[in-house]
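A.B. asks: Below is a structure I'd like to ask you about.
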Amino acid sequence: EQIQEEIDNFNAKLLKVVNSASPEDENFVPELVDFNGIKISPLMKYHLEDLLFDAKNEGLSLKVVNGYISFEEQKEIYTTAVQKYKESSKASVVKAESYVKKTIPKEGECEQQTGLIVEFASDSDEDFEKSEEYHFLMKNCVNYGFILRYPNTENTGGRKFSPSLFRYVGIDHAKTMRSYNMTLDEY
């Protein structure tokens, strides 16, 4: 019974969706580890190391450029983006927030606060979505427990497609989501 409870708690952590309908409060800080200068959840560390090692063995320059973002950091990112858009487009605050929120969530509504999302990049100058690294990820990510977090706006809480943000959900969940062609939000 206790083991099942621990499994349920573990799955709840792995599958927690954070968005405007289910925000985290400013006091939530997950357990984190350092990964080449980037903070991530320890739940994904070994699978992430394996993924990067295998990509390197295929001659790819896949790297992690971002991970955990705190509540305060996200507040700063969001506020700055709204201000910049407001100034450049002469939009009202409401219009600026509506525009920015499609790509940058407000503080507490950002899944990177869980430490379970990483942002990938490559050394190539081309658009990441067109890179060999992206295609490697799309083909193999589930074997390491990752899914593309924001594949479309319909089923990801209104967030725009983002080819570089991958969410760790564990290998079993990732493979199940792929087999059913489901996003985390649908799953």
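Where a number appears in this text, it was derived from the coordinates with a stated rule and is not lab data. Everything quoted here is computed from the prediction, not taken from an experiment. In this analysis, Cβ positions are derived from the backbone assuming ideal geometry, glycine residues included, and neighbour counts consider all displayed protein chains.
A.B. asks: Quick check for me: using +1 on Lys/Arg Cβ and -1 on Asp/Glu Cβ, what's the dipole size of the chain about its Cα centre, in debye to the nearest 20?
C.D. replies: On the way: 22 positive and 33 negative charges, 151 e Å.
With Lys and Arg at +1 and Asp and Glu at -1, about 720 debye.
A.B. asks: Nearest 20 debye, what's the magnitude of the dipole of segment 79-170 about its Cα centre given +1 on Lys and Arg Cβ and -1 on Asp and Glu Cβ? Could you put the intermediate results ahead of the total?
C.D. replies: On the way: 13 positive and 14 negative charges, 116 e Å.
With Lys and Arg at +1 and Asp and Glu at -1, about 560 debye.
A.B. asks: First check a/c for segment 37-104, with a ≥ b ≥ c the square roots of the eigenvalues of its C-alpha gyration tensor; if it is under 1.5, answer rounded, and if not, answer prolate when a/b is larger than b/c or oblate otherwise. Could the numbers behind the result be given before it?
C.D. replies: Working: a/c = 4.15, a/b = 2.43, b/c = 1.71.
Prolate, because a/c is 1.5 or more and a/b exceeds b/c.
A.B. asks: Can you return the lysines within cross-link range of Lys13? Criterion is Cα-Cα under 16 Å, with same-chain partners fewer than 8 residues away left out.
C.D. replies: In chain and number order, the partners are Lys45.
A.B. asks: If packing is taken as the average number of other Cβ atoms within 10 Å across a peptide's residues, how do 25-33, 58-66 rank, most packed first? Mind dumping the intermediate values first?
C.D. replies: Numbers: 25-33: 12.3, 58-66: 15.1.
Packing order, densest peptide first, comes out as 58-66, 25-33.
A.B. asks: Once phi is turned into θ = phi - 60°, what whole-Hz ³J(HN,Hα) does the Karplus curve with 6.51, -1.76 and 1.60 give for every residue of segment 86-101, x standing for Gly and Pro?
C.D. replies: 4, 5, 6, 10, 6, 7, 6, 4, 4, 5, 4, 5, 4, 5, 5, 4
A.B. asks: Less than 18 Å apart at the alpha-carbon level, and either on another chain or at least 8 residues along: which aspartates and glutamates does that give for Lys63?
C.D. replies: Partners within reach: Asp34, Glu49, Asp50, Asp54, Glu119, Asp123, Asp125, Glu126, Asp127, Glu129, Glu132, Glu133.
A.B. asks: In the chain, with Lys and Arg counted as +1 and Asp and Glu as -1 at Cβ, which of these residues, Ile147, Ile7, Val29, has the Cα nearest the positive end of the dipole, that is, farthest along it?
C.D. replies: Result: Ile147, furthest along the dipole toward the positive end.
A.B. asks: Turning to a different aspect of this structure: Let me confirm the definition first: pairs of Lys residues in segment 86-187, 8 or more apart or on different chains, C-alpha distance under 18 Å. How many are there?
C.D. replies: Lysine pairs, 8 or more places apart or on different chains, close enough: 13.
A.B. asks: Send over the Kirkwood Rh of the chain, from the inverse of the averaged 1/r over different Cα pairs, rounded to one decimal Å.
C.D. replies: Working: mean 1/r = 0.0576 Å⁻¹.
After inverting the mean inverse Cα-Cα distance, the result is 17.4 Å.
A.B. asks: Put +1 on the Cβ of each Lys and Arg and -1 on the Cβ of each Asp and Glu in segment 1-150; which of Ser98, Ser122, Leu137 then has its Cα farthest toward the positive end of the dipole?
C.D. replies: Farthest towards the positive pole: Ser98.
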